[in-house]
Amino acid sequence: MMNLAKEELALEVIRRLKQEYPLAECTLDYENAWQLLVSLRLAAQCTDARVDLTTPKLYARFPTVAALAAAPVEEIEEIVRPCGLGHSKARDISRCMKMLHEQYHDRVPDTMEELLKLPGVGRKSANLVLGDVFGKPAIVTDTHCIRLSNRIGLVDGVKDPARVERALREIVPPEEGNDLCHRFVHHGRAVCTARKPACERCCLQDICRFAAEEGV
């Protein structure tokens with residue numbers, strides 16, 4: 001295993017994953033910021049594929065922020081039920097759209113502070129919106145990001161999303177963070193899976209702490 005300082009390791013990981021996954025993009029389908037917020041709330045404990053099958057039905061019935069804000073929670077729940085946790089997700093979506101409509105004139109705010117005020121929006125979702133929609137520096141600490149960062153050695157046994165975010169911000173160039181997290185998702189699904197990572201075909205094998213410890 002190559003011994004690199006964390007900053008050097010981060011840059012090398014970024015370089016290699018760029019080659020492996022040239023297109024860094026969100027795996028959820030959306031057309032604008034408010035739709036991304038809806039998809040992110042539905043994605044909790046649900047697959048992106050299921051979310052992407054559900055949202056077109058929701059937007060066919062309620063095509064705007066104002067329409068969703070005015071929609072009965074029960075009707076939203078009826079549509080989003082296949083995503084699981086239907087009642088709480090429908091309630092959060094309704095409250096979020098009401099707030100966007102009444103306080104932000106149907107526009108999604110572009111600061112972390114304001115995004116976190118929206119019902120059902122946490123730091124992970126807020127970072128994704130800031131990075132993907134507004135092009136701001138962002139670190140999206142989903143399960144893939146946390147797992148891969150620990151395995152590779154970018155962080156040391158840190159599982160708390162906020163702590164992982166802070167640690168990565170110290171070693172990842174601001175303009176690279178958002179795309180790196182998208183590539184972590186792609187790599188985490190294709191190669192560095194949760195149960196049986198395919199280290200033998202990983203582009204990071206010779207710089208990865210986990211591979212070294214496993215003797216791959």
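The values are calculated or read from the model by the stated rules, or taken from the named source; none is laboratory data. Quantities reported herein were computed from a predicted structural model and do not represent experimental measurements. In this analysis, Cβ positions are derived from the backbone assuming ideal geometry, glycine residues included, and neighbour counts consider all displayed protein chains.
Values for this structure:
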{"read-out": "Selection from the range 46-90 of residues that are farther than 13 Å from Gln35 by Cα, of a type in the set (Lys, Arg) and free of Cβ contacts under 8 Å to residues at least 24 places away in the same chain", "value": "Arg61, Arg81"}
{"read-out": "Selected residue (criterion: farthest from Asp52 (Cα to Cα)) from residues of the range 1-29 that are modelled with pLDDT under 95 and of a type outside the set (A, V, I, L, M, F, W, C)", "value": "Asn3"}
{"read-out": "Of all residues making up the range 31-57, the number that are under 16 Å from Leu100 (Cβ atoms) and either surrounded by fewer than 16 Cβ atoms within 10 Å (Cβ to Cβ) or at pLDDT below 95 (or both)", "value": "2"}
{"read-out": "Hey, Met99 closer than 26 Å to Lys159 by Cα and surrounded by fewer than 20 Cβ atoms within 10 Å (Cβ to Cβ) or not", "value": "no"}
{"read-out": "Helices (runs of 4 or more DSSP H) within the range 75-175 that include 1 or more residues under 23 Å from Arg50 (Cβ atoms) and not assigned by TED's automatic domain parsing to the domain that holds Lys196", "value": "86-103, 123-132"}
{"read-out": "Considering residues of the range 186-209 that are under 12 Å from Cys145 (Cα atoms) and touching a residue at least 60 places away in the same chain (Cβ under 8 Å) only, the residue surrounded by the most Cβ atoms within 10 Å (Cβ to Cβ)", "value": "His187"}
{"read-out": "Search result, residues across the range 154-166 that are crowded, with 19+ Cβ neighbours inside 10 Å and more than 17 Å from the chain's Cα centre (by Cα)", "value": "Leu154, Val155"}
{"read-out": "Conditions (1) part of a helix (DSSP H, G or I); (2) more than 16 Å from Asp142 (Cβ to Cβ): number failed by His187", "value": "(2)"}
{"read-out": "Failed item, numbered, when His105 is tested on (1) without any contact (Cβ under 8 Å) to a residue 12 or more places away in the chain; (2) in contact with a Phe, Trp or Tyr (Cβ under 8 Å, 6 or more places away or on another chain)", "value": "(2)"}
{"read-out": "Within the range 122-151, tally of residues that are farther than 15 Å from Gly177 by Cβ, of a type in the set (Val, Ile, Thr) and surrounded by 21 or more Cβ atoms within 10 Å (Cβ to Cβ)", "value": "0"}
